[in-house]
Amino acid sequence: MPDDIVRWLTEHVHPLGTLTPGAPTQDLEPLGQALRGARIVGLGESTHGTSEFFRLKHRIVEFLVREEGFTTFAMEASQSAGHALDAYVRHGTGDPERLVARLGFWTWRTREMVDLVEWLRSHNRDLPEGRRVRFVGTDPQRCADSVEIVAAFLRRTVPERAGDARALEVLAQARPASLPDPDRALMRHAEEIARLVADHRERSEPCDGADEALEHARILVRAAELVTRPFAPPAGEDSVFAARDRYMAEAVTRLVDEDPGARVMVWAHNGHIAKSTYGEQVPTLGSRLHERYGDAYYALALFFGRGSFLARRGDDLQGPPVPHRIGTGIRSVEARLADAVRGDYYADLRTGTAPWLNTPQAQRSFGANVPRFVYRFHTAPLVPAQDYDGLAFVARSTCSHPLPGVEV
């Protein structure tokens, strides 16, 4: 990598005084200026198990809500369970730890996430309904709430069809491509139930829960489409990975297009919020938002230098996440970011020009699971200015703090 990265960063970085939520926000004002024309900001992360990423994004959310007028917090989390957490954030309904634990993934079952959710509730408490920040899940997976709500609606309104919901119970925990079926029988069954709910809605009173049931029935259709897709091909527009990102992008698009005043914060992995593709040319959530909204979408990647993070080992989908440690290394862009400027900082990649911004490089990328032993060498392609609009760099990562013993 050319040495112009040092010169460019020296001129363009904005040091972050703290990662602690609730602190003064003068150091975040350059980010606010960069977002003045944006309606959507993607808040990325190179690992799902870093406490500092949770804390910094919590701090950014506070700033964007209070100072920049952002209205909606959307997350790479269960679209189904997100409805109940939204009820807590806006109206104080339910227990926040239990609701966070139901978001579908171990990655969000953390003390840090509960702290953020409780801040959103505190912010909303004394505001009129129209000014309260919403919480929205974007991922059509882990649909236990939707199965329960649709089944209850059928039992109440069309009891002779109540048994039809049993076939959808598998969607409570099923993962994408876990039930491959070229005939998509489960999806067609979910579509039939959605039509049944929609027909009843046309004939029913507005207060009988049909609107809520229809929303959840449509989530089940999307979930069924994902789980019945084959794992192969793993590349391109037809892959199950592309379908998942497409559904997440559509969830954000609905938020923006249905409310001209909406400004949306999207929390997801760096791989999802990037403006290009990932893996084998898989279109991302961020690439779809960038294609639709142009510079009104701002992708902020979060990187770290060295330390530890939580992840599950290998292909284990049930075991507990465990600490994984990594040094700064020499192979990735993070190594040069750490060497160029000390400490924690933010940089707007739309500002100024330099060869390194458009030079292919490698970034570290860790998901909910990482391969045993060789995870230290796992990188993904990166062209900084093409993939992201800004970056925040945290010098040291420590493990996030899982919630103890939460019943879900």
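Any residue that is in contact with a Gly (Cβ under 6 Å, 6 or more places away or on another chain) and either outside any helix (DSSP H, G or I) or not assigned by the TED database to the domain that holds residue 255 (or both) - is there at least one of those in the range 142-152? Yes, because at least one residue in the range 142-152 is in contact with a Gly (Cβ under 6 Å, 6 or more places away or on another chain) and either outside any helix (DSSP H, G or I) or not assigned by the TED database to the domain that holds residue 255 (or both). Within the range 124-146, the set of residues being of a type outside the set (A, V, I, L, M, F, W, C), modelled with pLDDT of 95 or more and open to solvent by less than 30 Å² (accessible area, probe 1.4 Å) comprises 124, 137, 138, 139, 140, 145, 146. Of everything in the range 372-408 that's assigned to a strand (DSSP E or B) and open to solvent by less than 10 Å² (accessible area, probe 1.4 Å), which residue is nearest to residue 290 (Cα to Cα)? Restricting to residues being assigned to a strand (DSSP E or B) and open to solvent by less than 10 Å² (accessible area, probe 1.4 Å), the top hit is 390. Within the range 295-307, residues that are on the phi > 0 side of the Ramachandran plot reach partners that are open to solvent by less than 10 Å² (accessible area, probe 1.4 Å) and polar (S, T, N, Q) with beta carbons closer than 7 Å, at six or more positions or on different chains, in the pairs 307/397. Residue 94 falls short on exactly one of the conditions (1) without any contact (Cβ under 8 Å) to a residue 24 or more places away in the chain; (2) at negative phi, and that condition is (2).
In summary, residue 325 fulfils each of the numbered conditions (1) outside any helix (DSSP H, G or I); (2) modelled with pLDDT of 95 or more; (3) within 28 Å of residue 246 (Cβ to Cβ) with the single exception of condition (3). Of the residues making up the range 221-233, one or more are modelled with pLDDT under 95 and of a type in the set (A, V, I, L, M, F, W, C).
Among the conditions (1) out of contact with any strand residue (DSSP E or B) (no Cβ under 9 Å at 6 or more places or on another chain); (2) open to solvent by less than 40 Å² (accessible area, probe 1.4 Å), residue 330 misses just one, which is (2).
Criterion applied to 22, 42, 37 was being among the small types (Gly, Ala, Ser) and crowded, with 20+ Cβ neighbours inside 10 Å, and the one residue passing it is 42. All conditions but one from (1) under 22 Å from residue 267 (Cα atoms); (2) part of a helix (DSSP H, G or I) apply to residue 6; the one that does not is (1). The range 205-282 holds helices (runs of 4 or more DSSP H) entirely within its bounds, and those carrying 1 or more residues that are closer than 14 Å to residue 76 by Cα and open to solvent by 60 Å² or more (accessible area, probe 1.4 Å) map to 240-258.
Could you list, in sequence order, the residues of the range 219-240 that are among the basic types (Lys, Arg) and more than 13 Å from residue 174 (Cα to Cα)?
none
Of the residues 104, 22, 17, 82, the single one that is assigned to a loop (DSSP other than H, G, I, E, B), small (Gly, Ala, Ser) and closer than 24 Å to residue 126 by Cα is 22. Against the condition surrounded by fewer than 14 Cβ atoms within 10 Å (Cβ to Cβ), of a type in the set (A, V, I, L, M, F, W, C) and within 27 Å of residue 202 (Cα to Cα), how does residue 84 come out, does it pass? Against the criterion (surrounded by fewer than 14 Cβ atoms within 10 Å (Cβ to Cβ), of a type in the set (A, V, I, L, M, F, W, C) and within 27 Å of residue 202 (Cα to Cα)), residue 84 does not qualify.
Just the residues that are open to solvent by 20 Å² or more (accessible area, probe 1.4 Å) and assigned to a helix (DSSP H, G or I), please, taken from the range 87-98. 87, 88, 90, 91, 97, 98, listed by residue number. The set of residues from the range 345-360 being crowded, with 21+ Cβ neighbours inside 10 Å and either polar (S, T, N, Q) or over 21 Å from residue 3 (Cβ atoms) (or both) comprises just one member, 346. Please go through the range 173-193 and give me each residue that is farther than 25 Å from residue 233 by Cα and surrounded by fewer than 19 Cβ atoms within 10 Å (Cβ to Cβ), ordered by number. If the condition is that a residue be farther than 25 Å from residue 233 by Cα and surrounded by fewer than 19 Cβ atoms within 10 Å (Cβ to Cβ), then 192 is the only one that fits. Failed condition for residue 358, given (1) under 21 Å from residue 271 (Cβ atoms); (2) touching a strand residue (DSSP E or B) at 6+ places or on another chain (Cβ under 9 Å), with all others met? So residue 358 meets the others, but not (2).
The values are calculated or read from the model by the stated rules, or taken from the named source; none is laboratory data. Not measured: the values here are computed from a predicted model. Here the Cβ is made from the backbone with ideal geometry for all residues, glycine too, and neighbour counts use every protein chain on show. Protein only, heavy atoms only, side chains kept; ligands, DNA and RNA dropped before computing areas. Shrake-Rupley method; radii C 1.70, N 1.55, O 1.52, S 1.80 Å.
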